[in-house]
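Trainee: Next up is a structure, given as structure tokens.
The values are calculated or read from the model by the stated rules, or taken from the named source; none is laboratory data. Given the structure is predicted, the values throughout are model-derived calculations rather than measurements. Neighbour counts run over all protein chains shown; Cβ positions are idealised from the backbone, glycine included.
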Amino acid sequence: MSLINIDAQTLTWALLGGILPSLLWLWFWLKEDAKHPEPKRLIAAAFLAGAIAVPIAFFAEKISLSLLGTGFLVVIIWAAIEELLKYGGAYIVAFRGICLDRSRCVDEPVDPLIYMITVALGFAALENTLFLINPILGGDAASGVLTGNLRFIGATLLHVVASGAIGLSKSLSFYKNNLVKKMYFFVGITTAIGLHVLFNFSIIISEGENIFFIFGVLWLFVGALLLAFERVKRLKP
């Protein structure tokens with residue numbers, strides 16, 4: 001499939017179907033931080049960083065597939081690639097000592113969670129857009145989304161939950177010393193990769209038959225993330 005051969009209407013519908021759900025999710029999470037919102041340009045940059053990570057991830061995954069072939073190891077490597085790239089996007093935008101807006105980057109515990117979720121939604125937006133192009137080109141977008149292609153909805157939840165685990169680890173360790181922060185981060189990135197692997201592996205072994213059960217489990221994790229979000233907002237030095 002070449003983007004050159006895709007007409008404007010197909011691309012428009014794919015963009016709407018891929019980006020709008022992510023923007024709605026972003027609006028929801030930003031409302032949770034309405035009292036102390038992050039600068040809009042940093043949120044936009046984090047979302048864009050997530051989208052930019054998609055082609056980089058595809059390229060890295062293609063190389064790993066050519067080197068290792070199919071198998072469980074590749075599933076793990078692909079999950080690690082995506083989670084590390086999403087974290088890298090958040091790091092460049094906000095987590096460095098000098099970020100895109102040095103005066104207002106990460107100044108409260110909830111900020112890492114917000115930035116990681118924003119990057120995850122940017123990643124999901126472009127990934128879902130690319131995923132939707134084939135069904136729309138085939139004139140079967142509705143049935144495609146309502147059957148096996150429902151996975152693209154689950155992917156959005158997965159990216160939020162997985163990247164949220166990394167953000168949560170940084171948020172919960174916000175007032176800890178550097179050693180504890182590193183330990184929390186290790187747990188967070190390991191959890192993110194583990195969740196990603198479990199989701200992908202569940203899709204593979206079930207061949208899409210238990211997709212709604214898998215989505216149900218993801219929604220439970222989203223609920224848990226919401227509860228954790230509320231706890232993070234109450235953290236004090």
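Trainee: What single numbered condition from (1) touching a residue at least 12 places away in the same chain (Cβ under 8 Å); (2) surrounded by fewer than 11 Cβ atoms within 10 Å (Cβ to Cβ) fails to hold for residue 40?
Mentor: Among (1) touching a residue at least 12 places away in the same chain (Cβ under 8 Å); (2) surrounded by fewer than 11 Cβ atoms within 10 Å (Cβ to Cβ), the lone unmet condition for residue 40 is (1).
Trainee: Output the number of residues of segment 61-79 satisfying the condition of being more than 17 Å from the chain's Cα centre (by Cα) and either surrounded by 13 or more Cβ atoms within 10 Å (Cβ to Cβ) or assigned to a helix (DSSP H, G or I) (or both). Reasoning before the result, please.
Mentor: In the first step, residues of segment 61-79 are kept if they are more than 17 Å from the chain's Cα centre (by Cα); the result is 62-74.
Pick out the ones that are also either surrounded by 13 or more Cβ atoms within 10 Å (Cβ to Cβ) or assigned to a helix (DSSP H, G or I) (or both) and you get 62-68, 72-74.
Result for segment 61-79: 10.
Trainee: Filter the helices (runs of 4 or more DSSP H) completely within segment 138-237 down to those with at least 3 residues that are modelled with pLDDT of 90 or more and over 22 Å from residue 120 (Cα atoms).
Mentor: On the way: elements: 141-146, 151-172, 178-206, 211-233.
Passing ranges, in order: 178-206.
Trainee: Also, I was wondering about something else. Examine segment 50-69 for a residue that is modelled with pLDDT under 95, touching a Gly at 6+ places or on another chain (Cβ under 6 Å) and farther than 18 Å from residue 18 by Cβ, and state whether such a residue exists.
Mentor: Looking for residues that are modelled with pLDDT under 95, touching a Gly at 6+ places or on another chain (Cβ under 6 Å) and farther than 18 Å from residue 18 by Cβ, one finds none in segment 50-69, hence no.
Trainee: A follow-up question, please. Answer with yes or no whether residue 218 is more than 21 Å from residue 90 (Cα to Cα), hydrophobic (A, V, I, L, M, F, W, C) and within 18 Å of the chain's Cα centre (by Cα). Step through it out loud before you land on a result.
Mentor: On the way: more than 21 Å from residue 90 (Cα to Cα): yes; hydrophobic (A, V, I, L, M, F, W, C): yes; within 18 Å of the chain's Cα centre (by Cα): yes.
So residue 218 fits the description; yes.
Trainee: While we're looking at this one, here's another question. So, in segment 83-135, of the ones that are basic (Lys, Arg) and surrounded by fewer than 24 Cβ atoms within 10 Å (Cβ to Cβ), which residue ends up modelled with the highest pLDDT? First the steps, then the outcome.
Mentor: In the first step, residues of segment 83-135 are kept if they are basic (Lys, Arg); the result is 86, 96, 102, 104.
Next, only the ones that are surrounded by fewer than 24 Cβ atoms within 10 Å (Cβ to Cβ) stay: 96, 102, 104.
Details: 96: 80, 102: 58, 104: 63.
Within segment 83-135, the match that is modelled with the highest pLDDT is 96.
Trainee: To continue, here is another question. Go through the residues of segment 39-49 one by one and say whether even a single one is small (Gly, Ala, Ser) and modelled with pLDDT under 90.
Mentor: Here is the first cut: in segment 39-49, the ones small (Gly, Ala, Ser) are 44-46, 49.
Remaining after also requiring modelled with pLDDT under 90: none.
Checked segment 39-49: no residue is small (Gly, Ala, Ser) and modelled with pLDDT under 90.
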